[in-house]
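Below you'll find the structure, written out as structure tokens, and then a few comments.
Just so it is clear, none of the values below were taken in a lab; they were calculated from the coordinates. Keep in mind the model is a prediction, meaning the values are calculated, not measured. Don't worry about glycine lacking a Cβ; one is built from the backbone with ideal geometry, like all the others, and counts go over all protein chains shown.
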Amino acid sequence: MSALNLSGKADNRVPGLPCIGQAVCLEPLVSEPPSTLPAAPLLRTPLYDLHVSLGARMVSFAGYSMPVQYPAGVLAEHLHTRAQAGLFDVSHMGQLLLSGPQAASAFEQLVPVDVMGLAPGRQRYGMLLNAQGGILDDLMFSLRADGIFVVVNGACKQADIAHIQAHIGAQCTVTPMPDHALLALQGPAAVTALQRLVPGVQRMVFMDGASFDWQGQVLYITRSGYTGEDGFEISLHKDSAMAFAQALLAQPEVLPIGLGARNSLRLEAGLCLYGNDMDAAATPLEAQLMWAIQKVRREGGARAGGFVGAEALFAQMQQGAGRVRVGLRALERIPVREPTMLEDAQGQSVGQVCSGLLGPSADAPIAMAYVSPRFAALGTPLFALVRGKRVPMQVCAMPFVPHRYRRAA
């Protein structure tokens, strides 16, 4: 989960960020505007001391000191998550609870998705939009017994909470949860490792959410994640986070994973990163996220519109988007990073890469880009301008590696 200015984005890689293969660097996952003010001290998650003790390389990310890699390295972490189970600290994310009898109807005024129809114990993907239909942030929300539990991106959480409070704070109670940590356990062996500590999680399916007890502590667990693999996200009080993380790392299948591998895993899964693949200037239609908007909220639906940005989005749906997000695969083994420009065969500019790297599991240079719709068809040949060289690419389907979610039979 998780803004790209297509008119130009500076190379804002974290100095010393690890590389995969032949100098294939992963981007820092978030854009920060330049400032002449003194840098604020970095915040620390409840697992900061654990990361340091494990030898993590710490970097600035969304205002926090976060692990970008551990001694095993990004490539090993990526491949281990695909084969076994990786533990991610995502406690920088924002967590909040919307409660009260009108919470669902109120939240539908801000997100273009079906909140009122969400069943208890289920989770859904959503977006906050501005009046122009641009994406202020993307988020996950689930219906719990105590209200609607919402998880937003770390770099956007203060603005998101203020936006939600300003628009619907009079209709429901908006409760930020800064005293909670968030862990993600991802990979095909995640369920094997987690069920040893929390029996019953193996009965969950993709996008389920439920509360569990672990040594007298309440865990709220969803079967979801950001890698395309089966896995879980665990919200728990910050005072319990260290002990629970250590218990997970004691399982033979589990290794700690940093931001570097998190980025390569999510890109191979074809998942958007807020700040790269969508922003306040990109609409759900342009970002190819209309699948997230259920029929009931679209024109002609029982609860069509009524959300911020509806008029602009519906008008664009009628007129068509001027650009769309696509997947690309390079035909030469040359990584193509953002913000590389794209051309057609005649040398005319047609778009720009928003995320790109050498996919360790895809075993090829892969990217996502915004291009003119007439160049979005599968198989369309394009050329990326990499250090003066025209690298041949081809529009391809996403995800770049198959999703392996545990869906209901």
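Listed values, structure above:
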quantity: Cα centre as origin, Lys/Arg/Asp/Glu Cβ charges: the chain dipole, Debye; calculated: 640 debye
quantity: Zero-based 10 Å bins, Cα pair distances in segment 148-217, whole percents; calculated: 14, 38, 29, 18, 2
quantity: Average Cα contact separation per residue, segment 309-393, under 8 Å, 6 or more apart, as relative contact order %; calculated: 33 percent
quantity: CD proxy at 222 nm, helix term only [per DSSP H run n ≥ 4: -39500 (n - 2.57); per residue of the chain; nearest 500]; calculated: -5000 deg cm²/dmol
quantity: Positive dipole terminus of the chain, leading residue within A377, F232, A269 (C-beta point charges); calculated: A377
quantity: Whichever aspartates and glutamates have a C-alpha closer than 15 Å to that of K295, once near sequence neighbours (fewer than 8 apart) are set aside; calculated: E108, D114
quantity: By average C-beta atoms within 10 angstrom, highest first, the peptides 178-191, 246-259; calculated: 178-191, 246-259
quantity: Counting all C-alpha pairs of segment 185-332, share separated by more than 28 Å (%); calculated: 40 percent
quantity: Among G86, A106, F400 the positive-end extreme of the charge dipole of the chain (Cβ point charges); calculated: F400
quantity: Dipole-positive endmost among Q95, A310, G154 within the chain (Cβ charges, Cα centre); calculated: A310
quantity: Segment 46-181 - charge dipole about Cα centre, Lys and Arg +1 at Cβ, Asp and Glu -1, debye rounded to 20; calculated: 180 debye
quantity: Point-charge dipole on Cβ atoms (K/R +1, D/E -1) for segment 322-402, about Cα centre, debye to 20; calculated: 100 debye
quantity: Nearest-0.05 FRET efficiency for A170 and A119, computed from C-beta distance (R0 35 Å); calculated: 0.85
quantity: Ordering of 141-154, 375-388 by burial proxy (mean other Cβ atoms within 10 Å per residue, highest first); calculated: 141-154, 375-388
quantity: Packing-based exposure ordering (other Cβ within 10 Å, fewest first) of M242, M278, M204; calculated: M242, M204, M278
quantity: Stokes-Einstein translational diffusion, segment 322-402 - Kirkwood Rh over all Cα pairs, 1.306 mPa s, 10 °C, in µm²/s; calculated: 131 µm²/s
quantity: Reciprocal mean inverse distance between Cα atoms of segment 81-120 - Kirkwood radius, Å; calculated: 13.2 Å
quantity: Listed values (i) 57, 45, 44; (ii) 55, 53, 36; (iii) 65, 53, 52, entry calculated as Cα extents along the principal axes in Å; calculated: (iii)
